[in-house]
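Here is the structure we will look at, set down as structure tokens.
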Amino acid sequence: MEKPQSNNPMHGITLKKILEDLESFYGFDTLGELINIKCFNENPSIKSSLTFLRKTDWARKKVEELYLKTLPKLNV
């Protein structure tokens with residue numbers, strides 16, 4: 001039997017939801033400044049960012065870390 005993930009704030013949250021929340025809070029311009037990756041700085045979109053982040057573990061980790069830092073500020 002699996003342990004509940006009650007103290008894991010990332011449990012059940014999809015990468016798409018994370019990106020949508022961060023983009024609506026910061027916008028792609030600020031996201032590109034906070035995390036300097038091409039998918040946020042050149043012709044940004046949720047779709048292109050998802051494609052890149054699903055293939056690139058280090059970038060996904062940076063996005064997840066930013067989300068955790070931003071979570072208290074979000075009205076989710």
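The table that follows gives values for the structure above.
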| item | result |
| --- | --- |
| Ranking by accessible area, most exposed first, for 26, 67 with a 1.4 Å probe | 26, 67 |
| Formal net charge of residues neighbouring residue 48 (Cβ-Cβ distance under 10 Å; K, R +1; D, E -1) | +1 |
| Probe 1.4 Å, all protein chains present, accessible-area order of 14, 70, largest first | 14, 70 |
| Selected from 13, 35, 46 as most flexible by GNM, with the chain as the system and alpha-carbon contacts under 10 Å | 13 |
| Three-way shape call for the chain based on the alpha-carbon gyration tensor, with the a/c threshold at 1.5 | prolate |
| Surrounding net charge for residue 57, when Lys and Arg each add one and Asp and Glu each subtract one, Cβ distance under 14 Å | +3 |
| Accessible area per residue in Å² at 1.4 Å probe, computed on the chain | 73 Å² |
| For the chain, calculated [θ]222 nm from helices alone, where every DSSP H run of n ≥ 4 adds -39500 (n - 2.57) | -19500 deg cm²/dmol |
| Fraction of accessible area attributable to carbon and sulfur, the chain (%, probe 1.4 Å) | 49 percent |
| Set of aspartates and glutamates near residue 47 by C-alpha distance (under 15 Å), chain-local residues within fewer than 8 positions excluded | 20, 21, 23 |
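The values are calculated or read from the model by the stated rules, or taken from the named source; none is laboratory data. All values reported here derive from a predicted model rather than from experimental measurement. Cβ sites come from the backbone with ideal geometry, for glycine too, and all protein chains shown count toward neighbours. In case anyone asks, the SASA skips ligands and DNA or RNA and just uses the protein heavy atoms, side chains included. Shrake-Rupley method; radii C 1.70, N 1.55, O 1.52, S 1.80 Å.
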